[in-house]
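Novice: The structure is given below, and queries will be raised subsequently.
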Amino acid sequence: MRFAHLTAPEIRALDRQRTLVVAPIAACEQHSDHLPVITDTVLVGAVADGLEAARADQVLLLPVQWLGASEHHLPFGGTLTATLPTYEQMLIEILSPLLRDGFQRVLLLNGHGGNIDPLHVALRRLDAAFPKAVLTGAAYWELAAEPLAALCEGPRTSMGHACEIETSMMMHLRPELVRADRIQDDPSPGFVPGGLFHAVDFGRRTERGAVGYPSRANAEKGKRMLDAIVPAVVAAADAVLEVPLGSA
């Protein structure tokens, strides 16, 4: 079920306890020299579409929120962003009307790494206001980490940025938007030992605004990646639907 395609009476008639509200969130930001700035929105939208198609009678899919928390990409330009406090509050305000309306299950389906921290804080704040609801969120690549790693051929087997994974999926979904002649790897060497978080913007972290090995990308691999991600996200949605209300 697509929220934007329903009427208000149709939405009012939905089972508040057995419907999962899915809010896809993304970004509009620089993706190196070869991918369009709308990449994250295209990719999480495709994953969300796959979830809705698989669970059309249980998932209420909101429109993709294209604005993200992307200040760390500003050195390369081509980036629209909300500040972290604004983005956190925006997520709260997107979900609050539905929670006030009685919906009890939420999944924030994330498609941009910079959204992860405000997503967690927003859910914690919503939990204080709606303690009986099941409030969840994850990036799609977190839910499908193992199958994605198995499909990667480059040295990096986890999600980067404008990387093997994102470039392959864009080659599959929107090949006309990929500037294949501009693809260059951008390994983004680490500055600190593993396990430490280092707050550093992309201008200091990378040469071209990518992280990973897009030279290893191809469209057939992108299809296999999407085909691996959607079942993992569907399984996560099924798990959220099974959580007893009031016990999360």
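Novice: So which chymotrypsin sites (Phe, Trp or Tyr not before Pro) in the stretch 122-218 are both in a DSSP loop and have at most 12 other Cβ atoms within 10 Å of their Cβ?
Specialist: Here the chymotrypsin sites (Phe, Trp or Tyr not before Pro) that fit, given the DSSP loop and packing criteria, are PHE191, PHE197.
Novice: Calculate the dipole size of the stretch 110-197 relative to its Cα centre from +1 charges on Lys and Arg beta carbons and -1 charges on Asp and Glu beta carbons; express the result in debye to the nearest 20.
Specialist: Values: 7 positive and 11 negative charges, 86 e Å.
Result for the stretch 110-197 is approximately 420 debye, rounded to the nearest 20.
Novice: Still on this structure, I have one more. Over the chain, what is the relative contact order in whole percent, taking alpha-carbon pairs under 8 Å and six or more residues apart?
Specialist: 25 percent
Novice: Placing +1 on the Cβ of each Lys and Arg and -1 on the Cβ of each Asp and Glu in the chain, which of GLY114, VAL44, LEU135 has its Cα farthest towards the positive end of the resulting dipole?
Specialist: About the Cα centre, the residue reaching furthest to the positive side is LEU135.
Novice: Follow-up. Based only on other Cβ atoms within 10 Å, what is the fewest-to-most ordering of ILE116, ILE92, ILE183?
Specialist: If I rank by nearby Cβ atoms, fewest first, I get ILE116, ILE92, ILE183.
Novice: Can you work out the PRE-style zone for ALA54? Point 7 Å along Cα to Cβ, and I want the residues of the stretch 208-246 with backbone N under 18 Å.
Specialist: Output list for this probe position: 222-243.
Novice: With only Lys, Arg, Asp and Glu charged, each at its Cβ (+1 for the first two, -1 for the last two), find how big the charge dipole of the stretch 3-242 is about the Cα centre; round to the nearest 20 debye.
Specialist: My answer is approximately 300 debye.
Novice: Given the Cα-Cα distance of GLU242 and SER96 and 0.36 nm per residue of separation, how much length would full extension add, in nm?
Specialist: Length gained, GLU242 through SER96: 50.4 nm.
Novice: For a Förster distance of 51 Å, can you work out the FRET efficiency between the beta-carbons of ASP181 and VAL121, rounded to the nearest 0.05?
Specialist: The pair ASP181/VAL121 has a calculated efficiency of 0.80.
Novice: Another question about this same structure. Test of the criteria: in the stretch 142-247, which trypsin sites (Lys or Arg not before Pro) are in a DSSP loop and have at most 12 other Cβ atoms within 10 angstrom of their Cβ?
Specialist: For trypsin sites (Lys or Arg not before Pro) across the stretch 142-247 that sit outside H, G, I, E and B with at most 12 neighbouring Cβ atoms in 10 Å, the list reads ARG179.
Novice: Quick one: which residues, 5+ away or cross-chain, put their amide H under 5 Å from the amide H of CYS28? H built at 1.01 Å from N.
Specialist: Residues meeting the criterion, in which the H sits 1.01 Å from N, are GLY68, LEU80.
Novice: Net charge within 9 Å of TYR213 by Cβ-Cβ distance, Lys/Arg positive one each and Asp/Glu negative one each, not counting TYR213 itself?
Specialist: Residues close to TYR213 contribute a combined charge of -2.
Novice: Expressed as a whole number of Å, what is the distance separating the alpha-carbon centroids of the stretch 42-103 and the stretch 126-176?
Specialist: Taking the Cα centre of each part, the stretch 126-176 and the stretch 42-103 sit 14 Å apart.
Novice: Multiplying the sequence separation of GLU207 and GLU142 by 0.36 nm and subtracting their Cα-Cα distance, what value in nm do you get?
Specialist: 20.8 nm
Novice: When each pair of different Cα atoms in the chain is counted once in the 1/r mean, what is the Kirkwood radius in angstroms, to one decimal?
Specialist: 18.6 Å
Novice: Residue separation times 0.36 nm, minus the C-alpha to C-alpha distance between ALA149 and GLN89: what's the value?
Specialist: Taking ALA149 through GLN89 to full extension adds about 18.3 nm, to one decimal.
Novice: Separate question: Once you charge only the Cβ atoms, +1 for Lys and Arg and -1 for Asp and Glu, what is the size of the charge dipole of the stretch 147-248 about its Cα centre, to the nearest 20 debye?
Specialist: Values: 11 positive and 13 negative charges, 48 e Å.
Result for the stretch 147-248 is approximately 240 debye, rounded to the nearest 20.
The numbers here are math on the coordinates, done by the rules we state, and not lab data. Computed from a predicted structure; not experimentally measured. Neighbour counts are summed over all protein chains in view; Cβ atoms, including those assigned to glycine, are modelled from backbone coordinates with ideal geometry.
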